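Visitor: After the structure tokens below, expect a handful of questions from me.
The values are calculated or read from the model by the stated rules, or taken from the named source; none is laboratory data. Given the structure is predicted, the values throughout are model-derived calculations rather than measurements. Here the Cβ positions follow ideal geometry from the backbone for every residue, glycine too, while neighbour counts run over all protein chains shown.
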Ligand code: UDP
């Protein structure tokens, strides 16, 4: 009999962690779970749900996933919320709040919540909590944003919804808020068996390099990200230009869009202008589900850069670390959970700092290799999807046994 896919993870993680996952799954088998977010493709949340939902179903937790619907205007409003929650100064008007409320109301009319647990991801669908009074489910709000320094008016508006939930999840205690509901902390994670992260043959990698006309004999610096100001793609080009003064290298800026991110087109335009006609800057607008390409580009990179100005977590960093790549990344948000300076990668605070560290890594391949190896083990221990599934299963048990001092397993 063919082995079920879940068993493949036993070869990658520690046996006791795998056994614990199976034990916990047994305890909550048959429960119904609903995940709701803002988009079915593009960005880290959709990336995680694409993998978590089938794996939960395989473990016997009946899991459904829906993305709310909204107009371009609505996603313009929620992108402004997103930026403001990350701490960027953003003007929020009464009309924007009305658009938010009306869209959440309209979505409610088409949805039902006959589940045991409902997990609502991020601010866009947070207003669905209005359905809680007619539902038997436990409601959880999962925040993927660095909410440590939010713009107060936006956080206070959102808090009005969040405090009605049974519990909340943040990516790290650094993002904890003053809330009257329990707060759980669960790191995001990647799936090592996904197309984006599986091992690739040299042939597969070379085919992608050829497709994008990249030259393997010269260093490749790569940033994979949506075209978003907070990912600082213009800063990436400035960084590359500083490195290029000393080293003949190539830059790959690869990204696609997300249906809940209306700013992408404008950012891409500015990036293309900044790239000008430098043949060694490869701005790649990738289609949805370009997982094999991203995997190959990350694996072929000499250095992976993540120059974000703000970052909830940064799955692209996890993906690069798992591929044992030397990573240079901004010391912001969840990136600092992953990149431990001088151990699993190099943290930077400026364009000049990023350029300096990239040059260091290109000139010192042995040091770069060591960072990559430690980075991979750090991800194995903390940021693989099996750990995240265990955390969720424990959360379900905690919600079912709220108020009990002892939970019998
Ligand atoms: N990603 C992708 N295609 C792109 C750009 C990004 O598949 O063109 C993926 C990327 O590999 C990662 C996720 O989208 O898995 C982005 O997650 P991250 O946490 O880095 O950033 P977010 O977009 O959620 O801010």
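Visitor: Among the residues of the stretch 25-38, is any more than 16 Å from the ligand (Cβ to nearest atom), in a loop (DSSP other than H, G, I, E, B) and at negative phi?
Guide: Yes, some residue in the stretch 25-38 is more than 16 Å from the ligand (Cβ to nearest atom), in a loop (DSSP other than H, G, I, E, B) and at negative phi.
Visitor: If you don't mind, another one. For the stretch 61-75, which residues satisfy the criterion of being more than 18 Å from residue 118 (Cα to Cα) and either buried (at least 17 other Cβ atoms within 10 Å of the Cβ) or without any contact (Cβ under 8 Å) to a residue 60 or more places away in the chain (or both)?
Guide: Of everything in the stretch 61-75, those that are more than 18 Å from residue 118 (Cα to Cα) and either buried (at least 17 other Cβ atoms within 10 Å of the Cβ) or without any contact (Cβ under 8 Å) to a residue 60 or more places away in the chain (or both) turn out to be 70, 71, 73, 74, 75.
Visitor: For the stretch 311-331, give me the residue count where each residue is closer than 22 Å to residue 226 by Cβ, more than 11 Å from the ligand (Cβ to nearest atom) and either assigned to a loop (DSSP other than H, G, I, E, B) or free of Cβ contacts under 8 Å to residues at least 40 places away in the same chain (or both).
Guide: Result for the stretch 311-331: 4.
Visitor: Moving to a separate point now. Starting from residues that are within 16 Å of the ligand (Cβ to nearest atom) and in a helix (DSSP H, G or I), keep the ones in the stretch 270-283 and report whichever is nearest to residue 226 (Cα to Cα).
Guide: Selected residue: 271.
Visitor: Suppose the filter is assigned to a loop (DSSP other than H, G, I, E, B), near the ligand (Cβ under 10 Å from one of its atoms) and more than 16 Å from the chain's Cα centre (by Cα); does residue 262 pass it?
Guide: no
Visitor: Looking at the stretch 340-355, which of its residues are without any contact (Cβ under 8 Å) to a residue 24 or more places away in the chain and in a helix (DSSP H, G or I)?
Guide: 353
Visitor: Ok, one more. Right, residue 150: at negative phi, part of a loop (DSSP other than H, G, I, E, B) and surrounded by fewer than 15 Cβ atoms within 10 Å (Cβ to Cβ) or not?
Guide: Considered against the rule, which asks whether it is at negative phi, part of a loop (DSSP other than H, G, I, E, B) and surrounded by fewer than 15 Cβ atoms within 10 Å (Cβ to Cβ), residue 150 comes out as no.
Visitor: Taking the stretch 332-357 only, how many residues are closer than 19 Å to residue 229 by Cα and within 16 Å of the ligand (Cβ to nearest atom)?
Guide: 4
Visitor: What tally of residues in the stretch 172-218 results from selecting those that are exposed (fewer than 14 other Cβ atoms within 10 Å of the Cβ), more than 28 Å from residue 251 (Cβ to Cβ) and within 16 Å of the ligand (Cβ to nearest atom)?
Guide: The qualifying residues number 0.
Visitor: Is it fair to say residue 235 is part of a helix (DSSP H, G or I), buried (at least 18 other Cβ atoms within 10 Å of the Cβ) and more than 10 Å from the ligand (Cβ to nearest atom)?
Guide: Here the answer is yes, as residue 235 does meet what is asked.
Visitor: With respect to residue 221, determine if the residue is crowded, with 19+ Cβ neighbours inside 10 Å and at pLDDT 95 or above.
Guide: yes
Visitor: What do you reckon, is residue 371 out of contact with any strand residue (DSSP E or B) (no Cβ under 6 Å at 6 or more places or on another chain) and assigned to a helix (DSSP H, G or I)?
Guide: no
Visitor: Restricting to the stretch 48-60, give me the number of residues that are part of a loop (DSSP other than H, G, I, E, B) and without any contact (Cβ under 8 Å) to a residue 60 or more places away in the chain.
Guide: 1
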